[in-house]
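Working notes, beginning with the structure itself.
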Amino acid sequence: MTRAFKTLDDMGEVRGKRVLVREDLNVPMADGQVTDDTRLRAALPTVAELADRGAIVLVLAHFGRPEGVRDPKLSLALLVRPFSQLLGRPVQFVDWDAADDAIAALRPGDIAVVENTRFFAGEETNDAAVADRMAQLGDLYVNDAFSAAHRAHASTEGLAHRLPGFAGRQMEAELDALDKALGNPEHPVAAVVGGAKVSTKLNVLQHLVARVDHLIIGGGMANTFLAARGVAVGKSLCEHDLAATAEAILAAAERAGCTVHLPYDVVVATEFKPNPMTRTVNVHEVAAAEMILDIGPAATEALGDVLKNCRTLVWNGPLGAFETPPFDAATVALAKTAAALTQDGSLVSVAGGGDTVAALNQAGVADRFSFVSTAGGAFLEWMEGRQLPGVAALKR
Ligand code: ADP
Ligand code: MG
């Protein structure tokens, strides 16, 4: 398959070449220990493949928000050991000051992590001099950090204009999955959009109504749509000032032939705490003192039937306040349905978003979806239909 961007397959002979590999190594740490090594693991295939092919692999990454100031607590030196352990090979560390000599001493197949790109103030402003300095270190550029691709920084965008650029394996997998979900999907396509607020996902909703056949709205944002339709939502999280916006989205969906699914039964409570007294009611029966905290079982079952008739699903945002039991029920149930349909081969399922990934993990189904993006901000911008600068710069 010919892609819009070049991959490691298009690099040709890399033996002895210095390859700058932009990874996302921005892992959470506590007491000097990596608490979630997902991102380190995601970087392994590209780094290992290039080293096996005899390249001199120079990993570039940011770590935290030093904002141009050298901060030893945000040195990538801290990640060299955990990264090396996961990789099962030695990894060196290269500081910017001594970079040229250190890199000149590396042999084909050697791997080094270069110091935090954000120790340069010009990294985040995509300063030409900083991108030039980074480009001096390498012969080729690989961007493997989809999760940083929504930012036009020197190491995520500027480098692609200075060196021949390629997508790493992780970037390639992410772009392929996203293309299957929204770029070139098999129809019918369903989108689940949930989460807290309409205001944070307006552009997502506007982009999706023109592209998907079924738009399933859940979470707190469903309350805003219900309220706009004249439903009394009591004390629910609700953006009443966005009623007109919600109406406009519903009208746009109707024009585009997109069926919008709002819940018709909901789980309510008067207190927001674990395992409070709850009622499951029709949306028209929410009392003034109650909050809608999850979609009801009847609506959830109906949504499962919608998915059974779809070929593609893209999901961002939980259907309820899933962190607080029992308001994870709808999210878990629909996620299980989607996972089962995916395993049966009838559905391509792609999900993303910080809380969405947490919810799918909680449901125990993340590995049974076709693809789960851990990219957060980049995933959302992609769902808004925006060109990600780091991806655009890799275009053939
Ligand atoms: P993501 O990180 O996947 O993009 P969001 O951040 O948009 O998702 O939304 C997740 C949050 O929405 C969760 O903290 C969840 O508790 C909250 N939420 C979902 N439904 C409701 C609801 N009915 N009332 C209040 N909060 C809700
Ligand atoms: Mg979130």
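Here D241 and A287 are evaluated by their C-beta separation; at R0 = 22 Å the FRET efficiency comes out at 0.45. Report summary: the helix-based calculation at 222 nm, which adds -39500 (n - 2.57) for every DSSP H run with n ≥ 4 and divides by the residues of the chain, gives -10000 deg cm²/dmol.
Would you kindly state how much longer the chain becomes between N275 and D127 on full extension, computed as 0.36 nm times their sequence separation minus their alpha carbon distance, in nm to one decimal?
Taking N275 through D127 to full extension adds about 48.1 nm, to one decimal.
List the GluC sites (Glu not before Pro) in the stretch 1-59 that DSSP assigns to loop (not H, G, I, E or B) and whose Cβ has at most 14 other Cβ atoms within 10 Å. Which are they?
E13
When only Cα pairs below 8 angstrom with a gap of at least 6 residues are kept, the chain shows a relative contact order of 15 percent. Give the distance, in whole Å, between the Cα centre of the stretch 198-250 and the Cα centre of the stretch 264-330. Each part reduced to its Cα centre gives a spacing of 15 Å. Using θ = phi - 60° in the Karplus curve 6.51 cos²θ - 1.76 cosθ + 1.60, the 3J(HN,Hα) couplings for the stretch 144-155 round to 10, 10, 4, 5, 10, 7, 7, 10, 8, 9, 4, 7 Hz; x is entered for Gly and Pro. Counting only residues at least eight positions apart within a chain, or on another chain, the aspartates and glutamates with an alpha carbon under 19 Å from that of K336 are D294, E301, D305, E323, D328, D344, D355, D367. Excluding same-chain neighbours fewer than eight residues apart, the aspartates and glutamates reachable from K17 by a Cα-Cα span under 15 Å are E49, D52, D100, D110, D139. Across the stretch 166-179, coupling constants 3J(HN,Hα) worked out from phi with the 6.51/-1.76/1.60 Karplus curve, θ = phi - 60°, read 9, 7, x, 5, 6, 4, 4, 5, 5, 5, 5, 5, 5, 5 Hz, and Gly and Pro carry x.
Cross-link partners for K235 among the lysines, with Cα-Cα distance under 24 Å and sequence neighbours closer than 8 places in the same chain left out: K197, K201, K273. For V142, the residues whose modelled amide H falls within less than 5 Å of its own, excluding neighbours fewer than 5 places apart on the same chain, are L20, V21, R22, F166.
Relative contact order for the stretch 185-383: what is it in percent, counting Cα pairs under 8 Å that are at least 6 residues apart?
Once divided by the residue count of the stretch 185-383, the mean separation gives 21 percent.
Atom-type composition of the exposed protein surface of the stretch 185-383 places 51 percent of the accessible area on carbon and sulfur (1.4 angstrom probe).
Here the chain carries DSSP beta bridges of which approximately 20% are antiparallel, counting only pairs with both residues inside.
Between amide H atoms placed 1.01 Å from N, distances below 5 Å from H261 occur with L215, I216, I217, all of them 5 or more places distant or on a separate chain.
Distances between placed amide hydrogens fall under 5 Å for M291 paired with K235, A269, T270, all partners being 5 or more residues away or on another chain.
The values are calculated or read from the model by the stated rules, or taken from the named source; none is laboratory data. The model shown is predicted, which means the values in this text are computed figures rather than measured ones. With ideal geometry, Cβ positions are generated from the backbone for all residues, glycine too; neighbour counts draw on all protein chains shown. Areas reflect the complete protein model, heavy atoms only, side chains present, ligands, DNA and RNA absent. Shrake-Rupley method; radii C 1.70, N 1.55, O 1.52, S 1.80 Å.
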